[in-house]
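The values are calculated or read from the model by the stated rules, or taken from the named source; none is laboratory data. Bear in mind the structure is a predicted one, so any value in this text is a computation, not a measurement. Heads up, the Cβs are rebuilt from the backbone with ideal geometry, glycines too, and the neighbour counts pull from every protein chain shown.
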Amino acid sequence: MRCSAFACSLLVVVLLSSLAAAQQPDVAKLAAGLSAPAAADRYAAADGLADLGFGAQAAATQLTAALVSNDPELRWRAARALGASGNTGAVAALRKAAGDEHALTRAQAIFALGRLQAADQPTVEAIIARLTDKDVGVRRACVRAMHMIKADRKVTIPLVIKLLEDSDPNVAMLALSAIAEGGAESVPALTAAIDHPEARYWACLALSEMGAQAKAAVPALAEKALTDTRPEVRLQAAVALGEIGPDAKPAVATLIKLLADPFEPVRHTAAFALGRIGDKAAAETLGKLQTSTDPLLQSLSIWAIAKMYPEDKARQQAAIGHLVLKLGDKDAATGHLAARAIAELTPPDDLIRPAMDKLMASADAEMRDRVFSAYASLGAKVVPLAINALKDSPVRRERALQVLRRVGEAAAPALPELIILIKKGTPTEKAESLFIVGSIGPKADSAAPAAIEALADADPQVKMAAGYALGKIGPAAKDALPALLKLSASDDELLKLSSVWAMLQIGVMNEDLTKMAVPMLAKALSSDREFVRVEAAMSLGKLGKAAAAAVPALEKAAQDPSPAVRGAAAEAVKIIKG
């Protein structure tokens, strides 16, 4: 007997439903498992209920009870399962859990409220209040929850504004960073916030962190924020438009007006924004400012026009020549701005090299140091340029090493070239390369074998630098211990100190080494090198009560002219005294 198409379809549905039911875990059994004696069984039950999704609604009572368990691991799992279950009856309990002492529970409870699309005012208020939570995971959960809830902006915007008004700047920044992480989805809310004078500055600040994603906010930034009576708001709006870039062209006319703003920083920021946007409609006005008596506005105008005409090599060359001279300015902010401006023009080597060589040939030691610091302020952006220079002439290698030493951890991509110099460079190049490896820290573990070899170098400075590098690499440099132990018997006090210090950083903590280390580190607190004093104080702190004999020297170091030394010494005393 043949069944009809409808009957066959119905039969298939029934069979599949029966099969699913047969395979479905027993909800009652899982619910009972939430109060099992063994923690692992409780967690497995909560995870199993979360996996069931809507099928876990029958366990709502037990999951809600688990939300107030003494076990934080169970609490966050219960919150997650309640969110997955779709049970809106759990909203009140989850709202309370949003204030749990355990960060992961707070985050899961807030995310669950988002999944349940709980748009009632008490819940929205509870979520927005947590935008300033000290835990980044909780702040991110708040943003995600608000996106899922899609609460009425008439409710959310006043709450965000109140939050920003009631918070000190540091707390407000936490909320803004969380909002900005939402990307393009956060732009409508931030754009709406521009309508409110109290929140306008903060909204501009958040939009500036989002860059091109914030292009939908351009009209509001131009019409409301750029014309605000407060200079700080105009300035921050110009920054946001500059970060948005070419998509901010509708704001160009208003930005041109700001080039004559009564407040100098606003004029500077407007010129910067016009350069980033690149609309040639601003070229005529900027051209008149190239002879401005305001040095920074003059430099920004020269740079902005060069950005607008990248095909004009003569203009590019003139701009690079001007900006290179600014790298050595006595005002650090001007030098750093010049470095950024040069990087944004991305000049080819045949333009930048002659200008740099001319400057460095006439620069004194103080100016060269300022130039290196200015370039180092670019962080990771300067590293590719430095890597190329490491392959060049000895003079350019020296400059690149000076910059990389100031960059710190961001110099990690240069490790292959640094390892070559550690093996084959001059003694000065070897020592500089090893100090850079040390500034990169544990991420420089690939350089450990070369640094271990350098412990046997004929030059004491290279040996000492190798000890420093290996100590900063830390436990991954354990193969260096035999060589370091041998050097700890050296007659050279500095070499002896660096090897003992390195062993402590790598993780050797025996009684003999501690007895040797404490007086040496206490003496190092009076070194004429700031980084040696800082490292000595931190190392004594690591030794804890075993370094009690060094407390008088540390207390003296707590009055050091260097804030870094004072801080490290004070912290060490606190640890040692318990």
List the pairs whose first member sits in the stretch 556-574 and is part of a helix (DSSP H, G or I), whose second member is crowded, with 17+ Cβ neighbours inside 10 Å and acidic (Asp, Glu), and whose Cβ atoms are under 7 Å apart, counting only residues at least 6 apart or on separate chains?
566/560; 569/560
Please enumerate the residues belonging to the stretch 306-334 that are without any contact (Cβ under 8 Å) to a residue 24 or more places away in the chain and either of a type in the set (A, V, I, L, M) or in contact with a strand residue (DSSP E or B) (Cβ under 8 Å, 6 or more places away or on another chain) (or both).
314, 318, 333
So residue 68 passes all but one of these: (1) of a type in the set (Val, Ile, Thr); (2) in a helix (DSSP H, G or I); (3) surrounded by fewer than 21 Cβ atoms within 10 Å (Cβ to Cβ). Which condition number does it fail?
(2)
Number of the exception - residue 350 against (1) of a type outside the set (Ser, Thr, Tyr); (2) farther than 20 Å from residue 331 by Cβ; (3) surrounded by 14 or more Cβ atoms within 10 Å (Cβ to Cβ)
(3)
Looking at 490, 499, 539, 527, which is the one that is under 25 Å from residue 441 (Cα atoms) and outside any helix (DSSP H, G or I)?
527
Where residues in the stretch 422-474 are among the hydroxyl-bearing types (Ser, Thr, Tyr) and in a helix (DSSP H, G or I), which of them is nearest to residue 497 (Cα to Cα)?
468
Given the options 436, 452, name the one that is surrounded by 22 or more Cβ atoms within 10 Å (Cβ to Cβ), closer than 28 Å to residue 406 by Cβ and free of Cβ contacts under 8 Å to residues at least 60 places away in the same chain.
436
Across the stretch 186-242, what is the number of residues that are over 26 Å from residue 141 (Cα atoms) and either in a helix (DSSP H, G or I) or touching a His at 6+ places or on another chain (Cβ under 8 Å) (or both)?
20
Here is a check on your reading of the model: is residue 294 surrounded by 15 or more Cβ atoms within 10 Å (Cβ to Cβ), in contact (Cβ under 8 Å) with a residue 24 or more places away in the chain and either of a type in the set (Asp, Glu) or over 28 Å from residue 249 (Cβ atoms) (or both)?
no
Residues of the stretch 284-300 that turn out to be in contact with a Leu (Cβ under 9 Å, 6 or more places away or on another chain), of a type outside the set (S, T, N, Q) and closer than 14 Å to residue 319 by Cβ, as a count:
3
Please pick out the residue among 361, 355, 374, 380 that is in a helix (DSSP H, G or I), free of Cβ contacts under 8 Å to residues at least 24 places away in the same chain and not aromatic (Phe, Trp, Tyr).
361
Scanning for something modelled with pLDDT of 90 or more and of a type in the set (Phe, Trp, Tyr), does the stretch 468-487 turn up at least one residue?
yes
Filter the stretch 266-286 for residues that are surrounded by fewer than 23 Cβ atoms within 10 Å (Cβ to Cβ) and of a type in the set (S, T, N, Q) and give the result.
285
Residue check, residue 542 within 27 Å of the chain's Cα centre (by Cα) and surrounded by fewer than 20 Cβ atoms within 10 Å (Cβ to Cβ):
yes
All positions within the stretch 502-512 that are within 37 Å of the chain's Cα centre (by Cα), closer than 16 Å to residue 546 by Cβ and assigned to a helix (DSSP H, G or I):
503, 504, 505
Being at pLDDT below 85 and among the charged types (D, E, K, R) is the filter here; which residues of the stretch 201-221 pass it?
209
